[in-house]
1. What spacing in nm lies between the two simple spin-label points modelled at residue 86 and residue 74, each 7 Å away from Cα in the Cβ direction?
2. So for the pair residue 51, residue 101, with labels modelled 7 Å out along Cα→Cβ, what separation do we get in nm?
3. By how many nm would the segment from residue 20 to residue 145 grow when fully extended, if each residue of separation counts as 0.36 nm and the alpha-carbon distance is taken off?
4. (1) 24.6, 79; (2) 15.0, 49; (3) 16.0, 49: which one is Rg and Dmax of the Cα atoms in Å as calculated from this entry?
5. What is the diffusion coefficient of the stretch 31-83 in µm²/s, taking the Kirkwood radius over Cα pairs and the Stokes-Einstein relation at 4 °C with a viscosity of 1.567 mPa s?
6. At R0 = 41 Å, how high is the FRET efficiency between residue 41 and residue 3 if r is their beta carbon distance? Nearest 0.05 is fine.
């Protein structure tokens, strides 16, 4: 199936990019937020940053607090990054490889679909071996639209 193949290629490409990022722990924000950490490391006062942004100094305090709380708007963060001569990097980094996540969901999908059949076969003393089921997983993933795995 073409969609399944394209999704697999997309997963492989993104998984490669995520591997290049390194451990997610490297990107954990400082306790008081990136804005305040970078501003202070540059030796810039909040009043100076305010002038660069064209806002009043109390707005910088509010912006830094909202970033530390995780309530800052992305557009605001982008503007502040530019004012600090920085680049905002925004990413959703999965907790496990995308391919692993899809395989896990495919296994669950197969189990749900096969459970009634396997139960009937078990009653007829025709047990399906786990090895046979696992061996078909790649085939099922190639032939099934991955969107079905998430229902």
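1. Distance between label points: 1.8 nm.
2. The modelled label-to-label distance comes out at 4.5 nm.
3. 42.2 nm
4. Checked against the structure: label (1).
5. Answer, rounded: 120 µm²/s.
6. 0.30
Read-outs: derived from the displayed coordinates by stated rules, not from any lab. Given the structure is predicted, the values throughout are model-derived calculations rather than measurements. Neighbour counts run over all protein chains shown; Cβ positions are idealised from the backbone, glycine included.
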